[in-house]
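Just so you know, all these numbers are worked out from the coordinates, no wet-lab data involved. As the structure is a prediction and not an experimental result, all values here were calculated from the model. Glycine gets a Cβ as well: all are built from the backbone with ideal geometry, and neighbour counts include every protein chain shown.
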Amino acid sequence: MIRLHVRIGGRVQGVGFRWFVREEARRLGLSGWVTNLPDGDVEVAAGGEASSLDRLRTALAVGPTGAQVNSVSDLSGELPESLPYPFAIHR
């Protein structure tokens with residue numbers, strides 16, 4: 001399983017961003033999670049097929065209506081061996 005672990009910066013909280021990510025990831029059949037960070041960014045961890053992860057990353061760079069994505073940065077932190085399926089919102 002290939003993994004994607006990113007931090008999204010910009011106006012990404014209070015605009016339905018986590019819901020948007022969850023629905024897109026589920027549509028693509030990915031496992032993982034999305035969560036808000038205390039500094040206003042959003043963190044996403046996802047696993048699955050490379051082509052589906054590429055599609056998710058493209059969607060993250062745009063976001064839902066009302067969002068303003070300024071950055072999508074790769075994170076190098078360790079992820080657990082298994083990610084939750086179906087894709088979930090962590091609070």
Margin query: Charges at C-beta only: +1 for Lys and Arg, -1 for Asp and Glu. How large is the resulting dipole of the chain about its Cα centre, in Debye rounded to 20?
Written below: 300
Next item on the list: Please sort 8-17, 62-71 by packing, taking for each peptide the average over its residues of neighbouring beta carbons within 10 angstrom, highest first.
Entry: 8-17, 62-71
Checklist line | Simple spin-label estimate for residue 61 and residue 89 in nanometres, 7 Å along Cα-Cβ | finding: 2.6
Margin query: Suppose we take every Cα in the chain and form the convex hull; what volume per residue is that in Å³?
Written below: 86
Note to self: Mean-square fluctuation check for the chain, GNM, Cα pairs under 10 Å: which of 53, 79, 28 is largest?
What the structure shows: 79
Notebook entry, point to check: Among 64, 46, 32, whose Cα sits farthest toward the positive end of the charge dipole of the range 2-90 (+1 at Cβ of Lys/Arg, -1 at Cβ of Asp/Glu, about the Cα centre)?
Noted result: 64
Item checked: Calculated FRET value between residue 2 and residue 68, using beta carbons and R₀ = 22 Å, to 0.05 -> 0.20
Notebook entry, point to check: Going 7 Å from the Cα of residue 76 toward and past its Cβ, which residues in the range 1-15 have a backbone nitrogen under 16 Å from where you end up?
Noted result: 5-7
